[in-house]
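Student: Before I ask anything, let me first share the structure, which is written out below as structure tokens.
Rule-based calculations on the coordinates, nothing more; no lab input. The structure presented is a predicted model; accordingly, all values stated were derived computationally and were not measured.
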Amino acid sequence: MPLLNSNQDKDLIGTVISDIVLQLLSYVAETERNFIRQRQAEGIAAAKARGIKFGRESKKKPPQFVSLREKWLRGEISARESGRILNITHNTFIKWARG
């Protein structure tokens, strides 16, 4: 757009007009982004009202988790080793054990 070209030598009025146009475009972009966020939030709320679940399903605890948790609580095994045995991360093991 020649009006917004910053490489040209402009007089004071040209600079003011360029600034006004940039402010207007900025306002329009911000308003549109707010509308997008609002429509997105409404869509998520409508989907949740229909019973749609977001994200992946939670991982199920393996049967040997209880015995490994007891060993971990007694200090006989580390969380990292327990996670390796259960084929999960040690952070997941700790989250399950404390939850």
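Student: With runs of 4+ DSSP H residues as the only contributors, calculate the mean residue ellipticity of the chain at 222 nm using -39,500 (n - 2.57) per run, divided by the residue total and rounded to the nearest 500. Don't skip to the end; give the middle numbers.
Tutor: Working: 4 runs with 65 residues, N = 99.
Mean residue ellipticity at 222 nm (helix-derived): -22000 deg cm²/dmol.
Student: Whole-Hz Karplus ³J(HN,Hα) for region 29-36, in order, using 6.51 cos²θ - 1.76 cosθ + 1.60 and θ = phi - 60°, x for Gly and Pro?
Tutor: 5, 5, 4, 5, 5, 5, 5, 4
Student: Among the lysines in the chain, how many pairs, 8 or more places apart or on different chains, have alpha carbons under 28 Å apart?
Tutor: 13
Student: For region 76-81, just list the computed ³J(HN,Hα) in residue order, Karplus coefficients 6.51, -1.76 and 1.60, θ = phi - 60°, integers in Hz, with x standing in for Gly and Pro.
Tutor: 7, 8, 8, 5, 5, 5
Student: For region 54-65, take each phi angle, set θ = phi - 60°, evaluate the Karplus expression 6.51 cos²θ - 1.76 cosθ + 1.60, and give the result in whole Hz per residue in order, putting x for glycine and proline.
Tutor: Running phi through 6.51 cos²θ - 1.76 cosθ + 1.60 with θ = phi - 60° gives 9, x, 7, 6, 5, 6, 7, 6, x, x, 7, 4 Hz.
Student: Could I ask something else about it? Could you tell me which of rounded, prolate or oblate describes the chain, using a ≥ b ≥ c as the square roots of the eigenvalues of the alpha-carbon gyration tensor, with rounded for a/c under 1.5 and, failing that, prolate when a/b is larger than b/c and oblate otherwise?
Tutor: In terms of gyration-tensor shape, prolate.
Student: In whole percent, what relative contact order does the chain give with Cα contacts below 8 Å and a gap of six or more residues?
Tutor: Working: 31 pairs, mean separation 12.5, N = 99.
Relative contact order, the chain: 13 percent.
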